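Just below is one structure, and these are the notes that go with it.
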Amino acid sequence: VQLVESGGGLVHAGGSLMLSCVVSGLISSPPIMGWHRQASGKQRELVALINRGVPTNYNDAVLGRFTISRDGTKKMVYLHMSSLKPEDTAVYFCYGRSSNGFDFWGQGTKVTVSS
């Protein structure tokens with residue numbers, strides 16, 4: 001099973017980015033998918049989760065600015081990030097949890113927000 005992220009990069013504060021993650025190696029994508037992030041020197045933290053087609057969790061720090069969505073037919077999950085802040089700078093990891101509780105992680109994509 002592989003989760004591969006794309007879409008990271010450098011953006012000015014106030015800008016937007018769209019992260020994408022594609023799942024391979026499974027007939028269908030895991031029911032629960034999401035995004036976590038890890039800033040330099042900090043612990044990895046949850047950004048957003050989506051259970052099948054319904055967003056279920058957002059980090060308070062991104063609420064109202066980030067939107068998670070998915071396309072089951074393409075086995076993809078997206079994170080649309082707007083009004084980006086320098087404190088959003090981190091490596092963003094795609095995440096999936098199968099129906100029997102296995103967790104899958106991508107390798108991460110770096111997002112840098114300049115002030």
Relative contact order %, the chain, counting alpha carbon pairs below 8 Å whose residues are six or more apart = 36
Solvent-accessible area, 1.4 Å probe, carbon plus sulfur percent, for the range 1-49 = 55
For Q43 paired with L63, estimate the spin-label separation in nm (one decimal), with each label point 7 Å from Cα along the Cα-to-Cβ line.
-> 2.0
Using the heavy atoms of the protein chains and a 1.4 angstrom probe, tell me the accessible area per residue for the chain in square angstrom.
-> 53
Cβ-defined net charge surrounding P31, 11 Å radius [Lys, Arg +1; Asp, Glu -1] | +3
Cβ-derived FRET efficiency at R0 35 Å, A13 paired with S99, nearest 0.05 = 0.35
Relative contact order of the range 39-84 (C-alpha contacts under 8 Å, at least 6 apart) in percent is 27
Size of the dipole of the chain about the Cα centre, Lys and Arg at +1 and Asp and Glu at -1 on the beta carbon, nothing else charged, in debye to 20?
-> 120
C-alpha center-to-center spacing [the range 46-83, the range 3-45] in angstrom | 10
Can you bin the chain into rounded, prolate or oblate? Criterion: square roots of the alpha carbon gyration tensor eigenvalues sorted a ≥ b ≥ c, rounded for a/c under 1.5, prolate for a/b above b/c, oblate for the rest.
-> prolate
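The values are calculated or read from the model by the stated rules, or taken from the named source; none is laboratory data. Here the structure is a predicted model, which is why all the values come from computation and not from measurement. Please note: Cβ atoms are built from the backbone with ideal geometry, for glycine as well, and neighbour counts cover all protein chains shown. Keep in mind that these areas ignore ligands, DNA and RNA; they rest on the heavy atoms of the full protein, side chains included. Shrake-Rupley method; radii C 1.70, N 1.55, O 1.52, S 1.80 Å.
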